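The values are calculated or read from the model by the stated rules, or taken from the named source; none is laboratory data. None of these values were measured; they are calculated from a predicted model. Ideal geometry is used to build each Cβ from the backbone, glycine not excepted, and the neighbour counts take in all protein chains shown.
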Amino acid sequence: MKNLRTIILFAFHCTLFTATAQVGAPYIHDPSTIVECDGKYFTFGTGGGGLISDDGWTWRSGGVRPGGGAAPDAMKIGNRYLVIYGATGGGLFGNHNGRILTMWNNTLDPESPNFKYTEAIEVASSDGMEDCDAIDPSLLLDPTTGRLWATYGTYWGSIRLIELDPKTGERVKGNVEQDVAIDCEATDLIYRDGWYYLLGTHGTCCDGVNSTYNIIVGRSKSVTGPYYDNVGRDMLKGGGRMVINAGDRVTGPGHFGRTVIDEGVEIMSCHYEADFDMSGRSVLGIRPLLWKNGWPYAGDRFHDGTYEIESERRGYSLELGVNFVRIEQQRQGGFRRVDPNEPVKPIPDQQLADVVSTWPTGEIAVRCSDYMFRPHQHWTISAVPEAGGFLGGPYCKITIAGTDRALAATENLELTTVPQFNGSDEQLWRIEQLIDGTYRIMPKRIPGQKAINTKYVIYSAGDSTPTLAEYDFNSDNSKWNLKRR
């Protein structure tokens, strides 16, 4: 984390919906990567506290991390949880004399009888005079080797890499720190498809809506670097490709964390230095994490609205199984010779009132067909606040635009629409953007099944036949595009 480069040089260290951040009390600065423990989600921030969520959408204070300091990270290794944090540094009660410490716990839930942190162990430090500020650490457990790495540092010098022992959390004996980047802080290492990615926070922090924080990335085939961006600039020389910056009435994203939910389903966490709609407070942010040409970038939150739901398989549109109603027109063109002096007359869209009386009043089946600007192909997707959510978003209802006719799952894994939305679980939908930019859409619960559904999605079993089937990221049958109408 960086002190503001302003005249006041003594400043302290500091998918998708209408909500611009998580709901409840998501107030945090410098959040750790989100960790699941005992059915709950945890993230820790500067100052020693943290947030807890039962569903990944609604957050409350209550996370406990002793030691104070700043910018922690956390991860599960085996059956225990390792926490790393900066005890001082960054102008926080010690100028740039920083210390990086690690500690373990058997659980992150402070209400558990097994909740007890071990004594903190120092693994790195800075003396205030060297070209590094030991703060803002993060962890990577290399899935290819089992080796544990940590990065740390701020704008006040280099970002450094050290190796830790994954069994003890201590510094590997004889390990020498290595510089891997400059001009960033709050770094995070991740591994994907043969590449190591170093994500860093660039810009100014701790100035509310005036903060310029943004997250950049470089990559390397070796965990020790060098890390280059998309145009070949070395991060040791200030390189970095943009992952996320200000937008959607939030500014200053920093402190990247990655969570893999399912194959092809990933989210990134961060804080926003300021949410314009929440008094300019620093809040937890969760966004879809997308990948393009081997580079990560933040997906957009999916806002309430009216959409065409289009199959990736064929490009057909999800629609009510009702009769197609023609639009009456006096044809101009085609086989009819056009008088160039004849005035152009726009043809109005077909309106719901023009056709709704022709629809059945009970349940109506669902199918896919060519998109034709018709009312039976327009779906309004809106969050249902009282229904809770999942890691990254709230559950939604999907209704035919202008009506209360709701999309619903059936007990035999089919789709239907019911005349009225009543809030039941089979009428609630989890909508997640996949790493390729498409979406998966799954009912909260299948009728007759007790558990929350995490398996079945809307699936294109044939060009015109939607159903519910097991999610398969490698099949376009599982994927949909949402186009605002």
Study note, to complete from the structure: Taking region 186-207 and the residues there that are farther than 15 Å from P226 by Cα and of a type in the set (A, V, I, L, M, F, W, C), the one that is surrounded by the fewest Cβ atoms within 10 Å (Cβ to Cβ) would be C206
Point to revise | Pick from region 325-356, criterion of a type outside the set (A, V, I, L, M, F, W, C) and at pLDDT 85 or above, ranking: surrounded by the fewest Cβ atoms within 10 Å (Cβ to Cβ) | key: P346
Practice item. Could you look through region 291-318, keep only residues that are outside any loop (DSSP other than H, G, I, E, B) and in contact with a Cys (Cβ under 7 Å, 6 or more places away or on another chain), and pick out the one that is nearest to S460 (Cα to Cα)? Key: S311
Point to revise | Scan of region 191-240 for residues that are hydrophobic (A, V, I, L, M, F, W, C), more than 30 Å from S282 (Cα to Cα) and under 24 Å from the mean Cα position of the chain (by Cα), ordered by number | key: W195
Exercise for review: Report yes if some residue within region 112-129 is surrounded by fewer than 16 Cβ atoms within 10 Å (Cβ to Cβ) and in a strand (DSSP E or B); otherwise report no.
Suggested key: yes
Review point. Could you list, in sequence order, the residues of region 241-257 that are within 16 Å of V283 (Cβ to Cβ), out of contact with any Lys or Arg (no Cβ under 9 Å at 6 or more places or on another chain), among the hydrophobic types (A, V, I, L, M, F, W, C) and assigned to a strand (DSSP E or B)?
Key: V250, F256
Review point. Which residues, taken from region 261-271, are in a strand (DSSP E or B) and either closer than 22 Å to V209 by Cβ or in contact with a Lys or Arg (Cβ under 9 Å, 6 or more places away or on another chain) (or both)?
Key: D262, V265, E266, I267, M268, S269, C270, H271
Practice item. Just need a number here: residues in region 441-467 that are surrounded by 21 or more Cβ atoms within 10 Å (Cβ to Cβ) and not basic (K, R). Key: 9
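Just to verify a result, which residue in region 105-131, among those that are of a type in the set (D, E) and modelled with pLDDT of 95 or more, is nearest to K173 (Cα to Cα)? Even if it seems obvious, please write down each step before you answer.
Of region 105-131, the ones of a type in the set (D, E) are 109, 111, 119, 122, 127, 130-131.
Now drop any that are not modelled with pLDDT of 95 or more, which leaves 109, 111, 119, 122.
Details: D109: 32, E111: 36, E119: 19, E122: 13 Å.
Out of the qualifying residues, it is E122.
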**Study point:** From the options L352, L318, residue that is touching a Leu at 6+ places or on another chain (Cβ under 9 Å) and aliphatic (A, V, I, L, M)
**Key:** L318
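Considering only region 34-46, state which residues are out of contact with any His (no Cβ under 8 Å at 6 or more places or on another chain) and either within 14 Å of R65 (Cα to Cα) or of a type in the set (A, V, I, L, M) (or both). I'd like the intermediate steps shown before the answer.
Of all residues in region 34-46, those out of contact with any His (no Cβ under 8 Å at 6 or more places or on another chain) come to 34-44.
Result: I34, V35, F42, T43, F44.
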Practice item. Search region 272-290 for residues being in contact with a helix residue (DSSP H, G or I) (Cβ under 7 Å, 6 or more places away or on another chain) and in a strand (DSSP E or B), and hand back the single one that is farthest from I34 (Cα to Cα). Key: A274
Practice item. Identify, by number, the condition in (1) touching a Gly at 6+ places or on another chain (Cβ under 9 Å); (2) closer than 23 Å to K479 by Cβ; (3) of a type outside the set (A, V, I, L, M, F, W, C); (4) surrounded by fewer than 17 Cβ atoms within 10 Å (Cβ to Cβ) that H376 doesn't meet. Key: (4)
Practice item. For region 383-413, name all the residues that are under 20 Å from G321 (Cβ atoms) and either under 21 Å from the mean Cα position of the chain (by Cα) or modelled with pLDDT under 95 (or both). Key: K397
Point to revise | Test for S357: is it closer than 20 Å to K483 by Cβ and assigned by TED's automatic domain parsing to the domain that holds N477 | key: no
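Report, by residue number, each residue of region 135-168 that is in a loop (DSSP other than H, G, I, E, B) and either of a type in the set (V, I, T) or closer than 18 Å to G98 by Cα (or both).
Scanning region 135-168 gives I135, D136, P137, T144, T145, G153, T154, Y155, W156, G157, S158, T168.
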